[in-house]
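Take a look at the structure below.
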Amino acid sequence: MKTVKIKDKEFAISISSDKIQNAIKQVASKINNDYVGQQPLFIAVLNGSFMFAADLFKNLAIECEISFIKVSSYQGTQTTEDVKELIGLNQNIEGRRIIILEDIVDTGITLDTTIAKLKKHKPADIKVATLLYKPEAFKNQFIIDYVGIEIPNDFIVGYGLDYDGLGRNLSDIYKIIN
Ligand code: 5GP
Ligand code: MG
């Protein structure tokens with residue numbers, strides 16, 4: 001089995017690049033159908049979502065825009081449940097149809113806070129597209145409109161996701177083994 005070592009931890013391959021790209025094509029195809037003529041504004045949550053946002057965007061055929069914001073709630077391999085301020089929203093979103101792009105929804109705390117903060121700017125509506133979703137870890141009520149791949153509650157790295165800043169460059173996704 002393909003493994004990688006990042007700092008003190010070992011990870012084994014879990015989701016191949018091909019599987020990731022297929023999941024993204026399916027999400028893109030649904031959004032292409034749902035948003036014809038709507039010119040949605042995608043808001044990608046940095047840092048983790050940068051690869052997903054880039055690959056999803058290449059598969060979109062509708063007129064659309066993208067903007068990037070930053071929030072951060074993870075330290076090492078544990079969620080701190082302390083969502084920081086939303087940085088970088090420098091665009092008027094009033095009346096716009098928003099699709100938030102996330103790399104992964106774990107507890108959902110980050111997104112719940114992000115959605116609440118974005119709502120204050122009076123968008124027409126807000127939907128969520130995430131590449132990965134951990135249903136066992138999810139603690140919130142909001143609806144996740146577009147999910148690429150559901151995964152078990154393991155800590156993962158690769159394809160934009162990091163362990164202490166490293167591993168984002170891997171094109172496959174790896175899960176922690178020890
Ligand atoms: P949540 O607030 O839903 O618990 O977690 C949201 C953020 O934590 C995600 O956007 C992601 O940046 C990070 N995160 C959650 N699970 C993982 C994981 O398994 N690996 C990594 N590297 N980051 C994760
Ligand atoms: Mg994220």
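Read the figures in this text as sums done on the coordinates, not as results from a lab. Every value quoted in this text rests on a predicted model; they were computed, and no experiment measured them. Neighbour counts are summed over all protein chains in view; Cβ atoms, including those assigned to glycine, are modelled from backbone coordinates with ideal geometry.
Listed by chain and number, the aspartates and glutamates whose alpha-carbon sits under 19 Å from that of LYS127, ignoring those within fewer than 8 places in the same chain, are ASP34, ASP55, GLU63, GLU65, GLU94, GLU102, ASP103, ASP106, ASP112, ASP145, GLU150. Restricting the stretch 85-178 to trypsin sites (Lys or Arg not before Pro) that sit in a DSSP loop and have at most 13 other Cβ atoms within 10 Å of their own Cβ leaves LYS120, LYS139.
Each Lys or Arg adds one and each Asp or Glu takes one away; over the other residues whose Cβ falls under 12 Å from the Cβ of ASN178, this sums to 0.
Cα centroids of the stretch 43-74 and the stretch 109-152: 14 Å apart.
Taking all Cα pairs closer than 8 Å and separated by 6 or more residues, the relative contact order of the chain comes to 27 percent.
The trypsin sites (Lys or Arg not before Pro) found in the stretch 1-70 that occupy coil by DSSP, while having at most 15 further C-beta atoms within 10 Å, are LYS2, LYS7.
Between PHE50, PHE42, PHE142, the residue with the greatest mean-square fluctuation in the GNM of the chain (Cα pairs under 10 Å linked by springs) is PHE142.
A simple spin-label model places the labels of ASN47 and ILE62 3.1 nm from each other, with each point 7 Å out along Cα-to-Cβ. So in the chain, what percent of DSSP beta bridges are antiparallel if you round to the nearest 5? Antiparallel bridges: around 40 percent, rounded to the nearest 5.
For HIS121, the shell of other residues with beta-carbons less than 11 Å away shows a net charge of +4, using +1 for Lys and Arg and -1 for Asp and Glu. Give the range of the longest stretch in the chain that excludes all GluC sites (Glu not before Pro) found in loop regions by DSSP and having at most 13 other beta-carbon atoms within 10 Å. The longest such stretch corresponds to 1-62.
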